[in-house]
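Below is one structure, written out as structure tokens; the observations come after it.
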Amino acid sequence: MDTLLRITIRPLGPKITADSGGTCHAWQASHPGTSPWIIVNSKAVPACEHTDSATKVLTISLWQYCAFYEKKDGSKGKTINSWNNPYCEEQFQSWINESSG
């Protein structure tokens, strides 16, 4: 049984994107007292989302962290919370490239 050498958390801080065109601000102004969050699946209303190269992220901030592991034998992988997540896959590939270069 291989044992873990380390766990790596990426990114080091929250991902922040601009409210391009002020669409989220405009939506919130026209819906006073209404949360921009849709409770099912914790998804933001469309006006408060922004599409980037990884996935749809909130224009305010994204607190998506990804956890990766390295075993003593040198093998690396993603923890369960980082599987099937395009943003974490992008972070994982970046981490692999940094640690092998």
Review point. Filtering region 58-82 down to residues that are under 12 Å from the mean Cα position of the chain (by Cα) and exposed (fewer than 14 other Cβ atoms within 10 Å of the Cβ), which residue is modelled with the highest pLDDT?
Key: N81
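Tell me which residues, restricted to region 66-97, are within 16 Å of I7 (Cβ to Cβ) and in contact with a Cys (Cβ under 9 Å, 6 or more places away or on another chain).
Our first condition is that a residue be within 16 Å of I7 (Cβ to Cβ); within region 66-97, this holds for 66-83, 88, 91-92, 95-96.
Once the filter is applied, which keeps residues that are within 16 Å of I7 (Cβ to Cβ) and in contact with a Cys (Cβ under 9 Å, 6 or more places away or on another chain), region 66-97 yields C66, A67, F68, K78, T79, N81, S82, C88, Q91, F92, W95.
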Revision key, fill the gap. Residue count, region 1-31, condition at pLDDT 85 or above and hydroxyl-bearing (S, T, Y), comes to 3
Practice item. Could you grab me the full set of residues in region 83-101 that are modelled with pLDDT of 90 or more and hydrophobic (A, V, I, L, M, F, W, C)? Key: F92, W95, I96
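The values are calculated or read from the model by the stated rules, or taken from the named source; none is laboratory data. Being a predicted model, the structure only gives us computed values, none of them experimental. Every residue, glycine among them, receives a Cβ derived from its backbone with ideal geometry; neighbour counts consider all protein chains shown.
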